[in-house]
1. Any idea of ARG353's accessible area? Nearest 10 Å², probe 1.4 Å.
2. Starting from the Kirkwood radius over alpha-carbon pairs of the stretch 342-494, derive D by Stokes-Einstein at 20 °C in a medium of 1.002 mPa s and give it in µm² s⁻¹.
3. Would you mind telling me the share, in percent, of accessible area of the stretch 51-166 contributed by carbon and sulfur at probe 1.4 angstrom?
4. Using the structure shown, select from LYS366/LYS459; LYS239/LYS366; LYS173/LYS204; LYS347/LYS472 the pairs with a Cα to Cα distance greater than 27 angstrom.
5. As I understand it, the dipole of the chain uses +1 on the Cβ of Lys and Arg and -1 on the Cβ of Asp and Glu, about the Cα centre. Which of PHE154, TRP197, PRO253 lies farthest toward its positive end?
6. Just to be sure I follow the rule: in the stretch 4-111, considering lysines 8 or more places apart or on different chains, how many pairs have Cα atoms under 14 Å apart?
7. With every protein chain left in place, what is the accessible area per residue of the stretch 206-364 in square angstrom, probe 1.4 Å?
8. Considering only protein heavy atoms and a probe of 1.4 Å, how much of the accessible area of the stretch 200-357 is carbon and sulfur, as a whole percent?
Amino acid sequence: MVSRYANLKINQIFSDEHKLELWQKTELAVIKARANRNLIDPKIYNRILNILRRNPIDVEWWKRRDKEIHHDLNAFIDERIRHLPNHLHQYFHKNLTSYDTEEPAFAGSLLEAAEVIEPLIAALEQTITALAIKYRYTIMNARTHGQEAEMQSFGARGLTWLVDYRVALQALKQSLENLRYSRLSGTIGKYIGLDPWIEANVLKILGFIPFYGATQIMPRILYAPIAQSLCNLVIVIDKIGMDIRLASRSGRPLMQEPFKKKQKGSSAMPHKKNTIRTEQLEGMARMAKGYIGMITDNIKTWEERAIEQSCVERVAWPDLFHVVAQSLGVLDGVLNGLAVYPDNMLKEIHESRGVYASSEVKEFLKEKLADTGLKHEDTYRIVQLACFNVFEPEVKRLAIREKRAGSFAESFELLRTIESMPPEKIISIEKFIPKARLRVSDNLDIAPEQIKIYNQALKALFAQAGVMEEWKKLFTPEFLLKNEAFLYQQILGI
(Lines give C-alpha, C1' and ligand atoms only; values in the text may rest on other atoms or scores of the structure.)
Protein backbone atom coordinates (compact mmCIF):
# COMPACT_ATOMS: atom_id res chain seq x y z
CA MET A 1 0.00 0.00 0.00
CA VAL A 2 1.26 3.49 -0.79
CA SER A 3 2.33 5.42 2.29
CA ARG A 4 -0.58 7.89 1.98
CA TYR A 5 -3.07 5.21 3.02
CA ALA A 6 -0.84 2.77 4.90
CA ASN A 7 -1.21 1.82 8.54
CA LEU A 8 2.21 1.46 10.17
CA LYS A 9 1.20 -1.46 12.40
CA ILE A 10 -0.24 -3.39 9.47
CA ASN A 11 2.90 -2.66 7.49
CA GLN A 12 4.94 -4.20 10.26
CA ILE A 13 2.73 -7.28 10.51
CA PHE A 14 3.06 -8.05 6.81
CA SER A 15 6.71 -7.05 6.57
CA ASP A 16 9.36 -9.55 5.49
CA GLU A 17 10.99 -9.27 8.91
CA HIS A 18 7.84 -10.27 10.77
CA LYS A 19 6.95 -13.01 8.31
CA LEU A 20 10.32 -14.64 8.83
CA GLU A 21 9.93 -14.35 12.59
CA LEU A 22 6.61 -16.18 12.36
CA TRP A 23 8.18 -18.85 10.14
CA GLN A 24 10.91 -19.35 12.74
CA LYS A 25 8.29 -19.54 15.46
CA THR A 26 6.63 -22.43 13.62
CA GLU A 27 9.90 -24.24 13.00
CA LEU A 28 10.90 -23.95 16.66
CA ALA A 29 7.45 -25.17 17.75
CA VAL A 30 7.95 -28.34 15.68
CA ILE A 31 11.30 -29.02 17.35
CA LYS A 32 9.79 -28.32 20.78
CA ALA A 33 6.87 -30.68 20.08
CA ARG A 34 9.31 -33.45 19.22
CA ALA A 35 11.22 -32.75 22.41
CA ASN A 36 7.97 -32.84 24.40
CA ARG A 37 7.30 -36.25 22.89
CA ASN A 38 10.85 -37.38 23.79
CA LEU A 39 11.65 -37.98 20.14
CA ILE A 40 14.68 -35.77 20.59
CA ASP A 41 16.68 -34.63 23.57
CA PRO A 42 15.13 -31.41 24.99
CA LYS A 43 18.65 -30.02 25.17
CA ILE A 44 18.71 -30.02 21.35
CA TYR A 45 15.69 -27.72 21.26
CA ASN A 46 17.19 -25.41 23.86
CA ARG A 47 20.50 -25.20 22.03
CA ILE A 48 18.88 -24.43 18.66
CA LEU A 49 16.63 -21.85 20.32
CA ASN A 50 19.56 -20.10 22.01
CA ILE A 51 21.71 -20.06 18.87
CA LEU A 52 18.96 -18.60 16.73
CA ARG A 53 18.13 -15.98 19.35
CA ARG A 54 21.77 -14.90 19.40
CA ASN A 55 21.72 -14.64 15.60
CA PRO A 56 18.74 -12.59 14.42
CA ILE A 57 17.45 -13.26 10.93
CA ASP A 58 19.41 -11.36 8.30
CA VAL A 59 16.67 -10.27 5.92
CA GLU A 60 19.08 -8.96 3.30
CA TRP A 61 21.00 -12.27 3.28
CA TRP A 62 17.68 -14.08 2.87
CA LYS A 63 16.69 -11.85 -0.03
CA ARG A 64 19.97 -12.48 -1.84
CA ARG A 65 19.59 -16.23 -1.32
CA ASP A 66 15.99 -16.15 -2.52
CA LYS A 67 17.11 -14.40 -5.69
CA GLU A 68 19.59 -17.22 -6.31
CA ILE A 69 17.33 -20.21 -5.68
CA HIS A 70 13.86 -18.68 -6.36
CA HIS A 71 12.33 -20.20 -3.24
CA ASP A 72 11.81 -17.93 -0.28
CA LEU A 73 11.13 -20.66 2.29
CA ASN A 74 14.25 -22.61 1.33
CA ALA A 75 16.20 -19.36 1.44
CA PHE A 76 14.90 -18.84 4.98
CA ILE A 77 16.02 -22.37 5.97
CA ASP A 78 19.46 -21.71 4.54
CA GLU A 79 19.73 -18.43 6.44
CA ARG A 80 18.80 -20.10 9.72
CA ILE A 81 20.82 -23.32 9.56
CA ARG A 82 23.98 -21.47 8.56
CA HIS A 83 24.22 -20.48 12.22
CA LEU A 84 23.80 -24.06 13.48
CA PRO A 85 26.46 -26.76 13.80
CA ASN A 86 26.16 -29.39 11.08
CA HIS A 87 24.83 -32.05 13.42
CA LEU A 88 21.85 -29.83 14.30
CA HIS A 89 20.81 -29.16 10.70
CA GLN A 90 18.78 -32.38 10.63
CA TYR A 91 16.31 -31.07 13.21
CA PHE A 92 15.37 -27.87 11.44
CA HIS A 93 12.45 -28.22 8.99
CA LYS A 94 12.48 -32.00 9.44
CA ASN A 95 9.72 -33.79 7.46
CA LEU A 96 8.04 -30.47 6.65
CA THR A 97 6.97 -28.85 3.43
CA SER A 98 6.97 -25.11 2.86
CA TYR A 99 3.35 -24.54 3.81
CA ASP A 100 3.68 -26.55 6.99
CA THR A 101 5.83 -23.63 8.06
CA GLU A 102 3.89 -20.91 6.30
CA GLU A 103 0.26 -21.72 7.05
CA PRO A 104 0.32 -21.09 10.81
CA ALA A 105 2.36 -17.95 10.17
CA PHE A 106 -0.15 -16.74 7.59
CA ALA A 107 -3.12 -17.32 9.90
CA GLY A 108 -1.20 -15.61 12.68
CA SER A 109 -0.58 -12.54 10.58
CA LEU A 110 -4.29 -12.27 9.73
CA LEU A 111 -5.15 -12.53 13.42
CA GLU A 112 -2.63 -9.83 14.29
CA ALA A 113 -4.00 -7.55 11.57
CA ALA A 114 -7.52 -8.10 12.90
CA GLU A 115 -6.29 -7.05 16.35
CA VAL A 116 -4.95 -3.79 14.87
CA ILE A 117 -8.35 -2.78 13.52
CA GLU A 118 -10.28 -3.83 16.66
CA PRO A 119 -9.78 -0.53 18.55
CA LEU A 120 -10.56 1.42 15.36
CA ILE A 121 -13.79 -0.55 15.01
CA ALA A 122 -14.76 0.12 18.63
CA ALA A 123 -13.96 3.82 18.34
CA LEU A 124 -16.17 4.28 15.28
CA GLU A 125 -19.05 2.41 16.91
CA GLN A 126 -18.84 4.76 19.89
CA THR A 127 -18.74 7.78 17.58
CA ILE A 128 -21.85 6.72 15.66
CA THR A 129 -23.66 5.97 18.92
CA ALA A 130 -22.76 9.39 20.34
CA LEU A 131 -24.03 11.09 17.17
CA ALA A 132 -27.36 9.24 17.36
CA ILE A 133 -27.81 10.39 20.95
CA LYS A 134 -26.66 13.96 20.33
CA TYR A 135 -29.14 14.55 17.50
CA ARG A 136 -32.03 12.51 18.89
CA TYR A 137 -34.41 15.47 18.69
CA THR A 138 -32.98 17.26 15.64
CA ILE A 139 -35.67 16.83 13.01
CA MET A 140 -35.07 16.56 9.28
CA ASN A 141 -36.80 15.23 6.19
CA ALA A 142 -35.87 11.70 5.24
CA ARG A 143 -35.44 10.87 1.57
CA THR A 144 -36.35 7.84 -0.53
CA HIS A 145 -35.33 7.65 -4.18
CA GLY A 146 -33.67 11.02 -3.58
CA GLN A 147 -37.07 12.61 -2.95
CA GLU A 148 -38.35 14.11 0.28
CA ALA A 149 -40.18 11.44 2.25
CA GLU A 150 -41.41 11.48 5.85
CA MET A 151 -39.93 13.30 8.82
CA GLN A 152 -37.31 11.70 11.04
CA SER A 153 -34.66 12.85 13.47
CA PHE A 154 -31.06 13.05 12.37
CA GLY A 155 -30.31 10.89 15.38
CA ALA A 156 -32.57 8.17 14.00
CA ARG A 157 -30.63 8.24 10.74
CA GLY A 158 -27.58 7.66 12.92
CA LEU A 159 -29.33 4.61 14.38
CA THR A 160 -29.74 3.14 10.89
CA TRP A 161 -26.01 3.68 10.32
CA LEU A 162 -25.27 2.00 13.63
CA VAL A 163 -27.30 -1.14 13.00
CA ASP A 164 -25.78 -1.59 9.53
CA TYR A 165 -22.37 -1.23 11.12
CA ARG A 166 -23.15 -3.73 13.87
CA VAL A 167 -24.38 -6.33 11.39
CA ALA A 168 -21.10 -5.97 9.50
CA LEU A 169 -19.14 -6.33 12.74
CA GLN A 170 -21.04 -9.46 13.76
CA ALA A 171 -20.32 -11.09 10.40
CA LEU A 172 -16.64 -10.20 10.73
CA LYS A 173 -16.47 -11.62 14.23
CA GLN A 174 -18.01 -14.90 13.06
CA SER A 175 -15.70 -15.18 10.06
CA LEU A 176 -12.59 -14.66 12.21
CA GLU A 177 -13.46 -17.91 13.99
CA ASN A 178 -11.99 -19.66 10.93
CA LEU A 179 -8.55 -18.44 11.95
CA ARG A 180 -8.60 -20.79 14.91
CA TYR A 181 -7.55 -23.54 12.51
CA SER A 182 -4.30 -24.37 10.77
CA ARG A 183 -2.31 -27.37 9.55
CA LEU A 184 1.05 -29.15 9.43
CA SER A 185 0.03 -32.27 7.54
CA GLY A 186 2.77 -32.71 4.96
CA THR A 187 3.22 -32.27 1.24
CA ILE A 188 -0.27 -33.45 0.26
CA GLY A 189 -2.02 -33.22 3.62
CA LYS A 190 -1.93 -36.96 4.37
CA TYR A 191 0.66 -36.88 7.16
CA ILE A 192 3.36 -38.66 5.18
CA GLY A 193 6.49 -38.27 7.30
CA LEU A 194 4.69 -36.22 9.94
CA ASP A 195 2.35 -37.74 12.52
CA PRO A 196 -0.98 -36.10 13.39
CA TRP A 197 -0.06 -35.84 17.08
CA ILE A 198 2.97 -33.72 16.12
CA GLU A 199 0.67 -31.42 14.19
CA ALA A 200 -1.74 -31.16 17.11
CA ASN A 201 1.07 -30.43 19.58
CA VAL A 202 2.72 -27.83 17.36
CA LEU A 203 -0.57 -26.04 16.69
CA LYS A 204 -1.39 -26.05 20.40
CA ILE A 205 1.94 -24.33 21.07
CA LEU A 206 1.10 -21.77 18.38
CA GLY A 207 -2.48 -21.26 19.55
CA PHE A 208 -4.34 -23.15 16.80
CA ILE A 209 -6.32 -26.35 16.43
CA PRO A 210 -5.88 -28.78 13.52
CA PHE A 211 -7.99 -28.54 10.41
CA TYR A 212 -8.48 -32.07 9.08
CA GLY A 213 -8.79 -32.68 5.37
CA ALA A 214 -6.47 -29.98 4.06
CA THR A 215 -4.16 -30.61 1.12
CA GLN A 216 -0.68 -29.07 1.08
CA ILE A 217 -2.42 -25.80 1.93
CA MET A 218 -5.42 -24.81 4.00
CA PRO A 219 -8.61 -24.58 1.93
CA ARG A 220 -8.98 -20.93 1.02
CA ILE A 221 -12.74 -21.18 1.41
CA LEU A 222 -11.98 -20.64 5.11
CA TYR A 223 -10.41 -17.25 4.48
CA ALA A 224 -12.74 -15.90 1.80
CA PRO A 225 -15.54 -15.07 4.31
CA ILE A 226 -13.07 -13.00 6.33
CA ALA A 227 -12.17 -10.96 3.27
CA GLN A 228 -15.85 -10.63 2.37
CA SER A 229 -16.70 -9.45 5.88
CA LEU A 230 -13.90 -6.89 5.79
CA CYS A 231 -15.11 -5.71 2.39
CA ASN A 232 -18.71 -5.49 3.62
CA LEU A 233 -17.53 -3.40 6.56
CA VAL A 234 -15.84 -0.96 4.17
CA ILE A 235 -18.99 -0.82 2.02
CA VAL A 236 -21.11 0.03 5.08
CA ILE A 237 -18.64 2.79 5.91
CA ASP A 238 -18.91 4.02 2.31
CA LYS A 239 -22.71 4.00 2.58
CA ILE A 240 -22.53 6.28 5.61
CA GLY A 241 -20.08 8.49 3.77
CA MET A 242 -22.41 8.62 0.77
CA ASP A 243 -25.29 9.81 2.96
CA ILE A 244 -23.07 12.61 4.24
CA ARG A 245 -22.02 13.53 0.69
CA LEU A 246 -25.63 13.68 -0.46
CA ALA A 247 -26.49 15.97 2.43
CA SER A 248 -23.47 18.20 1.72
CA ARG A 249 -24.39 19.36 -1.76
CA SER A 250 -24.30 23.08 -2.48
CA GLY A 251 -27.37 25.22 -2.10
CA ARG A 252 -28.49 24.44 1.40
CA PRO A 253 -26.22 21.76 2.88
CA LEU A 254 -27.59 19.88 5.86
CA MET A 255 -24.13 18.87 7.02
CA GLN A 256 -20.53 19.00 5.87
CA GLU A 257 -17.42 17.03 6.65
CA PRO A 258 -14.70 18.87 8.60
CA PHE A 259 -12.95 21.65 6.73
CA LYS A 260 -9.75 22.93 8.34
CA LYS A 261 -9.06 26.65 8.54
CA LYS A 262 -6.07 26.41 6.21
CA GLN A 263 -7.61 23.82 3.91
CA LYS A 264 -8.25 24.45 0.21
CA GLY A 265 -11.22 22.87 -1.51
CA SER A 266 -10.15 23.49 -5.09
CA SER A 267 -7.09 24.80 -6.89
CA ALA A 268 -9.30 26.84 -9.24
CA MET A 269 -12.46 27.72 -7.28
CA PRO A 270 -11.82 29.24 -3.84
CA HIS A 271 -15.42 28.87 -2.73
CA LYS A 272 -15.38 25.06 -2.82
CA LYS A 273 -15.63 22.74 0.18
CA ASN A 274 -15.18 19.46 -1.63
CA THR A 275 -16.21 16.27 0.18
CA ILE A 276 -12.77 14.72 -0.25
CA ARG A 277 -12.85 12.48 2.82
CA THR A 278 -16.19 10.83 2.13
CA GLU A 279 -15.29 10.58 -1.55
CA GLN A 280 -12.14 8.75 -0.51
CA LEU A 281 -14.33 6.24 1.32
CA GLU A 282 -15.98 5.30 -1.97
CA GLY A 283 -12.57 4.82 -3.53
CA MET A 284 -11.58 2.60 -0.60
CA ALA A 285 -14.72 0.51 -1.13
CA ARG A 286 -13.81 0.05 -4.79
CA MET A 287 -10.38 -1.21 -3.80
CA ALA A 288 -11.84 -3.56 -1.19
CA LYS A 289 -14.16 -5.06 -3.80
CA GLY A 290 -11.18 -5.63 -6.06
CA TYR A 291 -9.26 -7.45 -3.34
CA ILE A 292 -12.23 -9.63 -2.40
CA GLY A 293 -12.43 -10.79 -6.01
CA MET A 294 -8.79 -11.87 -5.96
CA ILE A 295 -9.07 -13.60 -2.59
CA THR A 296 -12.26 -15.40 -3.60
CA ASP A 297 -10.55 -16.71 -6.74
CA ASN A 298 -7.96 -18.31 -4.45
CA ILE A 299 -10.59 -20.81 -3.33
CA LYS A 300 -9.83 -22.69 -6.54
CA THR A 301 -6.46 -24.46 -6.62
CA TRP A 302 -5.04 -27.27 -8.74
CA GLU A 303 -5.57 -30.62 -7.08
CA GLU A 304 -3.41 -30.78 -3.93
CA ARG A 305 -1.43 -27.59 -4.58
CA ALA A 306 -0.40 -24.90 -7.01
CA ILE A 307 1.14 -21.54 -6.23
CA GLU A 308 -1.06 -18.96 -7.95
CA GLN A 309 -2.65 -17.92 -4.65
CA SER A 310 0.71 -16.93 -3.17
CA CYS A 311 1.33 -13.69 -5.06
CA VAL A 312 -2.28 -12.63 -4.55
CA GLU A 313 -2.11 -13.11 -0.79
CA ARG A 314 1.16 -11.17 -0.50
CA VAL A 315 -0.62 -8.12 -1.94
CA ALA A 316 -4.37 -8.45 -1.42
CA TRP A 317 -4.50 -9.26 2.29
CA PRO A 318 -2.18 -6.49 3.52
CA ASP A 319 -3.84 -3.95 1.25
CA LEU A 320 -7.32 -5.03 2.32
CA PHE A 321 -6.42 -4.47 5.96
CA HIS A 322 -4.88 -1.11 5.06
CA VAL A 323 -8.13 -0.14 3.32
CA VAL A 324 -10.20 -1.19 6.33
CA ALA A 325 -8.00 0.71 8.78
CA GLN A 326 -7.99 3.82 6.58
CA SER A 327 -11.76 3.72 6.09
CA LEU A 328 -12.44 3.33 9.81
CA GLY A 329 -10.14 6.21 10.67
CA VAL A 330 -11.45 8.54 7.98
CA LEU A 331 -15.12 8.07 8.85
CA ASP A 332 -14.42 8.41 12.56
CA GLY A 333 -12.68 11.72 11.87
CA VAL A 334 -15.51 12.90 9.64
CA LEU A 335 -18.22 12.11 12.18
CA ASN A 336 -16.29 13.58 15.09
CA GLY A 337 -15.84 16.84 13.19
CA LEU A 338 -19.12 16.81 11.28
CA ALA A 339 -20.69 20.24 10.85
CA VAL A 340 -24.46 19.80 11.20
CA TYR A 341 -26.88 22.57 10.20
CA PRO A 342 -30.25 22.13 11.99
CA ASP A 343 -31.41 25.50 10.63
CA ASN A 344 -31.09 24.20 7.08
CA MET A 345 -32.85 21.00 8.07
CA LEU A 346 -35.76 23.04 9.47
CA LYS A 347 -35.78 25.29 6.42
CA GLU A 348 -36.00 22.22 4.20
CA ILE A 349 -38.92 20.91 6.25
CA HIS A 350 -40.66 24.26 5.97
CA GLU A 351 -40.15 24.42 2.23
CA SER A 352 -41.43 20.86 1.81
CA ARG A 353 -44.88 22.36 2.43
CA GLY A 354 -46.03 19.70 4.86
CA VAL A 355 -45.68 16.78 2.46
CA TYR A 356 -43.64 14.95 5.11
CA ALA A 357 -47.02 14.13 6.69
CA SER A 358 -48.74 13.09 3.44
CA SER A 359 -49.01 9.43 4.45
CA GLU A 360 -50.71 10.25 7.76
CA VAL A 361 -52.91 12.82 6.01
CA LYS A 362 -54.03 10.19 3.51
CA GLU A 363 -55.00 7.77 6.29
CA PHE A 364 -56.76 10.52 8.23
CA LEU A 365 -58.89 11.52 5.23
CA LYS A 366 -59.58 7.89 4.37
CA GLU A 367 -61.12 7.44 7.81
CA LYS A 368 -62.93 10.77 8.03
CA LEU A 369 -64.38 10.67 4.51
CA ALA A 370 -65.39 7.00 4.62
CA ASP A 371 -69.11 7.85 4.88
CA THR A 372 -69.11 10.37 2.02
CA GLY A 373 -68.94 7.83 -0.78
CA LEU A 374 -65.34 8.68 -1.64
CA LYS A 375 -63.10 5.68 -2.21
CA HIS A 376 -59.52 4.98 -1.17
CA GLU A 377 -58.39 6.10 -4.62
CA ASP A 378 -60.14 9.42 -4.07
CA THR A 379 -58.43 10.16 -0.76
CA TYR A 380 -55.07 9.32 -2.31
CA ARG A 381 -55.77 11.68 -5.22
CA ILE A 382 -56.92 14.46 -2.90
CA VAL A 383 -53.60 14.42 -1.05
CA GLN A 384 -51.58 13.98 -4.22
CA LEU A 385 -53.35 16.90 -5.92
CA ALA A 386 -52.90 19.11 -2.86
CA CYS A 387 -49.18 18.32 -2.76
CA PHE A 388 -48.84 19.15 -6.45
CA ASN A 389 -50.88 22.34 -6.07
CA VAL A 390 -48.78 23.79 -3.24
CA PHE A 391 -45.59 23.31 -5.26
CA GLU A 392 -46.89 25.01 -8.40
CA PRO A 393 -44.91 28.20 -9.04
CA GLU A 394 -46.51 31.62 -9.09
CA VAL A 395 -47.43 33.12 -12.48
CA LYS A 396 -44.29 35.24 -12.88
CA ARG A 397 -41.99 32.45 -11.85
CA LEU A 398 -43.81 30.01 -14.13
CA ALA A 399 -43.29 32.39 -17.05
CA ILE A 400 -39.56 32.36 -16.42
CA ARG A 401 -39.56 28.59 -16.07
CA GLU A 402 -41.15 28.22 -19.49
CA LYS A 403 -39.00 30.90 -21.13
CA ARG A 404 -36.15 29.77 -23.37
CA ALA A 405 -33.47 32.44 -23.57
CA GLY A 406 -32.10 33.22 -27.00
CA SER A 407 -28.81 34.65 -25.74
CA PHE A 408 -26.66 34.86 -22.64
CA ALA A 409 -27.65 38.50 -22.33
CA GLU A 410 -31.29 37.48 -22.16
CA SER A 411 -30.44 34.79 -19.62
CA PHE A 412 -28.74 37.43 -17.51
CA GLU A 413 -31.85 39.59 -17.64
CA LEU A 414 -33.92 36.64 -16.44
CA LEU A 415 -31.47 36.23 -13.58
CA ARG A 416 -31.97 39.86 -12.61
CA THR A 417 -35.74 39.35 -12.75
CA ILE A 418 -35.52 36.39 -10.39
CA GLU A 419 -33.33 38.40 -8.02
CA SER A 420 -35.88 41.22 -7.86
CA MET A 421 -38.86 39.00 -7.13
CA PRO A 422 -40.24 38.90 -3.57
CA PRO A 423 -39.62 35.68 -1.60
CA GLU A 424 -41.72 32.78 -2.76
CA LYS A 425 -44.83 32.25 -0.65
CA ILE A 426 -44.74 28.90 1.13
CA ILE A 427 -48.13 27.23 1.55
CA SER A 428 -48.28 23.97 3.49
CA ILE A 429 -50.83 21.26 2.82
CA GLU A 430 -51.60 21.61 6.52
CA LYS A 431 -53.37 24.90 5.71
CA PHE A 432 -54.15 24.30 2.04
CA ILE A 433 -56.31 21.17 2.32
CA PRO A 434 -58.70 22.51 5.00
CA LYS A 435 -59.37 25.56 2.81
CA ALA A 436 -60.74 23.16 0.13
CA ARG A 437 -59.10 25.00 -2.75
CA LEU A 438 -57.89 22.06 -4.82
CA ARG A 439 -57.46 23.04 -8.46
CA VAL A 440 -56.64 21.39 -11.76
CA SER A 441 -53.03 20.33 -12.19
CA ASP A 442 -51.38 19.80 -15.57
CA ASN A 443 -49.49 16.90 -13.98
CA LEU A 444 -52.55 14.88 -13.00
CA ASP A 445 -55.52 13.49 -14.91
CA ILE A 446 -58.31 14.61 -12.58
CA ALA A 447 -61.38 16.26 -14.12
CA PRO A 448 -62.61 19.64 -12.77
CA GLU A 449 -65.93 18.05 -11.86
CA GLN A 450 -64.19 15.50 -9.66
CA ILE A 451 -62.06 18.19 -8.02
CA LYS A 452 -65.28 20.06 -7.19
CA ILE A 453 -66.59 16.96 -5.42
CA TYR A 454 -63.34 16.71 -3.47
CA ASN A 455 -63.53 20.33 -2.36
CA GLN A 456 -67.12 19.96 -1.23
CA ALA A 457 -66.25 16.92 0.87
CA LEU A 458 -63.28 18.75 2.43
CA LYS A 459 -65.38 21.82 3.29
CA ALA A 460 -67.93 19.66 5.05
CA LEU A 461 -65.26 17.72 6.92
CA PHE A 462 -63.33 20.68 8.29
CA ALA A 463 -66.53 22.45 9.31
CA GLN A 464 -67.06 19.72 11.91
CA ALA A 465 -66.14 20.47 15.50
CA GLY A 466 -62.77 19.11 16.69
CA VAL A 467 -61.50 18.05 13.26
CA MET A 468 -58.97 20.88 12.95
CA GLU A 469 -57.43 19.99 16.32
CA GLU A 470 -56.95 16.40 15.23
CA TRP A 471 -55.66 17.59 11.85
CA LYS A 472 -52.95 19.85 13.25
CA LYS A 473 -51.48 17.01 15.33
CA LEU A 474 -50.68 15.10 12.13
CA PHE A 475 -47.92 17.60 11.31
CA THR A 476 -46.14 17.63 14.68
CA PRO A 477 -42.88 15.77 15.43
CA GLU A 478 -44.39 14.49 18.68
CA PHE A 479 -47.01 12.61 16.67
CA LEU A 480 -44.95 11.57 13.67
CA LEU A 481 -41.83 10.52 15.58
CA LYS A 482 -43.38 9.10 18.72
CA ASN A 483 -42.14 5.59 17.87
CA GLU A 484 -38.52 6.63 17.44
CA ALA A 485 -38.30 6.15 21.22
CA PHE A 486 -38.95 2.45 20.63
CA LEU A 487 -35.95 2.27 18.26
CA TYR A 488 -33.68 3.99 20.76
CA GLN A 489 -34.77 1.54 23.42
CA GLN A 490 -34.25 -1.52 21.22
CA ILE A 491 -30.92 -0.41 19.71
CA LEU A 492 -29.27 1.59 22.49
CA GLY A 493 -31.28 0.60 25.53
CA ILE A 494 -32.15 4.21 26.37
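The values are calculated or read from the model by the stated rules, or taken from the named source; none is laboratory data. Note that the structure is predicted; figures quoted are calculated from it, not measured. Please note: Cβ atoms are built from the backbone with ideal geometry, for glycine as well, and neighbour counts cover all protein chains shown. Quick note on the areas: whole protein, heavy atoms, side chains included, nothing else; ligands and nucleic acids left out. Shrake-Rupley method; radii C 1.70, N 1.55, O 1.52, S 1.80 Å.
1. Looks like 20 Å² after rounding.
2. 118 µm²/s
3. Solvent-exposed carbon and sulfur of the stretch 51-166 make up 48 percent of the total.
4. LYS239/LYS366
5. Going by the Cα projections, it comes out as PRO253.
6. Counting lysine pairs in the stretch 4-111 gives 4.
7. Heavy-atom SASA per residue in the stretch 206-364 reads 47 Å².
8. 56 percent
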